[in-house]
Amino acid sequence: MTLLELEKLANELNIPVIGVAPWPLPVEASLHLDTPYPCPFTNGTIDERLQGSTTMLAPQSAIVCLFPYYVPWEGNTNVARYCWGDDYHIVVRQYLERLVAVLRERYPNDSFEIHCDTSPLADRYMAYLAGLGFYGWNQTFINPTWGSYTVIGTIMTTLSLEPSAPLSESCLQCGACLRACPGKALQGNHLDYRTCKSYLTQCKGELSEEEEQIIEKTPLIFGCDVCQEVCPHNRNVPMTPIPEFQRVMPYIEAVELEGMTNKEFKAKYGHKAWAWRGKKVLLRNADIVRKERYERK
Ligand code: SF4
Ligand code: SF4
């Protein structure tokens, strides 16, 4: 199957961006994953991230897809954009399952295995190898059309496919993300997760005063979009074509969460990516942001 045929198939299933990364990954791959500040939320060691699939014997290629989630919005928001629609773990899997069903029909002797942020697979590096975009100084993965507002889904397969060529572009290196970051977490080519608001809003337990001060700098109570909002690559990004990401809920009412049991919370919001840490963490963050606003008045 050629890349053009694969693209046609994916587009028919409303998957707008697809490419092929080589497998196994090239030896220099570990250089791209090594960082002085490995985030505790990243699954697996570097070796595990490079080996990726543990259940499939001898994969030959990795099919990598991007799922854009940008939706224009003028109103209030207090959660990161990637969480506005339905949980991307569920949505991406559903789309990839439809693609795998077609591929299985055509290639019944081959195996296919879906990954979407649920395994140690080095998916961003694979998306780069598959020619789907480039890295920004803000440490996001940027696609020339959809900006950094995308999530990645991958299919490991025994099917031998011609790998795509990586893009030669880089980000504009304007430095806007470094200047705007509320935690000054972006340092040269690294992200120090310890002062990244996105990380801190997902940490359990008590936070230090310094950590609270970072959270209170912007209204979000889950995640942080600042380094993406200021990035010129995210100007004029089209709205996502994916209906599950168009149904948005950009604002969480903390008052509503306060009155809910954990069971009620899970039943009502279990399909949202921001629900994974539970309501206690969200309420703590809402309190920090609210306190700051109250004291400023
Ligand atoms: S997500 Fe927020 S805190 Fe983290 S690096 Fe980007 S701007 Fe800084
Ligand atoms: S804001 Fe500027 S420096 Fe940061 S990723 Fe975007 S283009 Fe690169």
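The values are calculated or read from the model by the stated rules, or taken from the named source; none is laboratory data. This is a predicted model, so every value here is computed, not measured. Cβ placement follows ideal geometry from the backbone for every residue including glycine, while neighbour counts extend to all protein chains displayed.
Taking the criterion of being under 16 Å from A176 (Cβ atoms), more than 9 Å from ligand 1 (Cβ to nearest atom) and crowded, with 20+ Cβ neighbours inside 10 Å, the residues of region 208-233 that qualify are C231, H233. With respect to the conditions (1) at pLDDT 95 or above; (2) away from ligand 1 (no atom under 16 Å from the Cβ); (3) within 19 Å of P232 (Cβ to Cβ), E169 lacks only one, and its number is (1).
In the list A176, A127, A165, which residue meets the criterion of being closer than 24 Å to Y69 by Cα, aliphatic (A, V, I, L, M), more than 14 Å from ligand 2 (Cβ to nearest atom) and out of contact with any Lys or Arg (no Cβ under 8 Å at 6 or more places or on another chain)? Working first, answer last.
Working: A176 fails: more than 14 Å from ligand 2 (Cβ to nearest atom); A165 fails: closer than 24 Å to Y69 by Cα.
Just one listed residue meets the conditions, A127.
Answer with yes or no whether Q139 is within 16 Å of ligand 1 (Cβ to nearest atom) and not in a strand (DSSP E or B). Judged against the criteria, Q139 is a match. Screening region 207-288 for helices (runs of 4 or more DSSP H) wholly inside it with 3 or more residues that are in contact (Cβ under 8 Å) with a residue 12 or more places away in the chain and within 16 Å of ligand 2 (Cβ to nearest atom) returns the ranges 226-229. Right, R194: away from ligand 2 (no atom under 12 Å from the Cβ), of a type in the set (K, R), assigned to a helix (DSSP H, G or I) and over 16 Å from the mean Cα position of the chain (by Cα) or not? Here the answer is yes, as R194 does meet what is asked.
Look at (1) surrounded by fewer than 20 Cβ atoms within 10 Å (Cβ to Cβ); (2) in contact with an Asp or Glu (Cβ under 7 Å, 6 or more places away or on another chain); (3) under 19 Å from L4 (Cβ atoms); (4) β-branched (V, I, T) and you find that T157 fails only one, number (1). When E264, E253 are checked against the criterion of being among the acidic types (D, E) and within 17 Å of N78 (Cα to Cα), a single residue qualifies: E253. Criterion first (away from ligand 2 (no atom under 11 Å from the Cβ) and of a type in the set (G, A, S)) does S170 satisfy it? Against the criterion (away from ligand 2 (no atom under 11 Å from the Cβ) and of a type in the set (G, A, S)), S170 does not qualify.
Taken across region 76-97, residues that are more than 17 Å from E229 (Cα to Cα), within 13 Å of the chain's Cα centre (by Cα), of a type in the set (F, W, Y) and assigned to a helix (DSSP H, G or I) do occur, with at least one present. Please verify whether E253 is away from ligand 1 (no atom under 14 Å from the Cβ) and modelled with pLDDT under 95, treating the condition exactly as stated. Against the criterion (away from ligand 1 (no atom under 14 Å from the Cβ) and modelled with pLDDT under 95), E253 qualifies. Beta carbons closer than 9 Å, at least 6 apart along the sequence or on distinct chains, pair a first residue in region 170-191 that is hydroxyl-bearing (S, T, Y) with a second that is more than 13 Å from ligand 1 (Cβ to nearest atom) for S170/F134; S170/Y135. Residue by residue through region 98-136, note down the ones that are more than 26 Å from C196 (Cβ to Cβ), in a helix (DSSP H, G or I) and out of contact with any Phe, Trp or Tyr (no Cβ under 7 Å at 6 or more places or on another chain). Correct list: R98, L99, A101, V102, E105, R106.
Report whether or not L9 is modelled with pLDDT under 95 and farther than 21 Å from D87 by Cβ. It is false that L9 is modelled with pLDDT under 95 and farther than 21 Å from D87 by Cβ.
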